[in-house]
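Undergrad: Mind looking over this structure? Questions follow.
The values are calculated or read from the model by the stated rules, or taken from the named source; none is laboratory data. Fair warning: this is a prediction, and the values are worked out from it, not measured in the lab. Positions of Cβ are backbone-derived with ideal geometry, glycine not excepted, and every protein chain shown enters the neighbour counts. Please note that ligands, DNA and RNA were not included when accessible areas were found on the heavy atoms of the full protein model with its side chains. Shrake-Rupley method; radii C 1.70, N 1.55, O 1.52, S 1.80 Å.
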Amino acid sequence: MTDEQRKAVCVGALTKPSLLVDGRVHGVWTLKHDRKAGRAELTVELLAPLADEEPVRQEAARLLAFAADGADHVLRFTR
């Protein structure tokens, strides 16, 4: 992980959930689940470009299905 990536991932004593691709940090992610609205949103903030987004989209779908079964799922990529 580069120093710039470390600053984005490690904030004080907090380590944000990280997106790893082939063992390298490519981003951080957050999951917001609004049970009342029946909606879950996974936001992936990319720190490095992805050669292929499809495997990340597939893994995101599995995470959303596990964490928010039955909710409407939204996946968002930011830079």
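Undergrad: For the structure I just gave you, tell me whether Leu20 is open to solvent by less than 80 Å² (accessible area, probe 1.4 Å) and either under 30 Å from Thr2 (Cα atoms) or without any contact (Cβ under 8 Å) to a residue 12 or more places away in the chain (or both).
TA: On the way: open to solvent by less than 80 Å² (accessible area, probe 1.4 Å): no; either under 30 Å from Thr2 (Cα atoms) or without any contact (Cβ under 8 Å) to a residue 12 or more places away in the chain (or both): yes.
So Leu20 does not fit the description; no.
Undergrad: State all residues of the stretch 31-60 that are part of a loop (DSSP other than H, G, I, E, B) and basic (Lys, Arg); if no residue qualifies, say none. Show your work before the answer.
TA: So in the stretch 31-60, the residues part of a loop (DSSP other than H, G, I, E, B) come out as 35-38, 47-53.
Selection gives Arg35, Lys36.
For (1) in contact with a helix residue (DSSP H, G or I) (Cβ under 6 Å, 6 or more places away or on another chain); (2) open to solvent by 80 Å² or more (accessible area, probe 1.4 Å); (3) more than 15 Å from Ser18 (Cα to Cα), each residue gets a yes or a no:
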position: Arg39; (1), (2), (3): no, yes, yes
position: Thr43; (1), (2), (3): no, no, no
position: Leu63; (1), (2), (3): no, no, no
position: Phe66; (1), (2), (3): no, yes, yes
position: Asp69; (1), (2), (3): no, yes, yes
position: Val74; (1), (2), (3): no, no, yes
position: Phe77; (1), (2), (3): no, no, no
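Undergrad: Exactly one of these conditions fails for Arg35: (1) under 10 Å from the mean Cα position of the chain (by Cα); (2) open to solvent by 40 Å² or more (accessible area, probe 1.4 Å). Give me its number.
TA: Just one mismatch for Arg35, condition (1).
Undergrad: Check Pro55 against each of (1) within 13 Å of the chain's Cα centre (by Cα); (2) open to solvent by 80 Å² or more (accessible area, probe 1.4 Å) and name the one condition it does not meet.
TA: (2)
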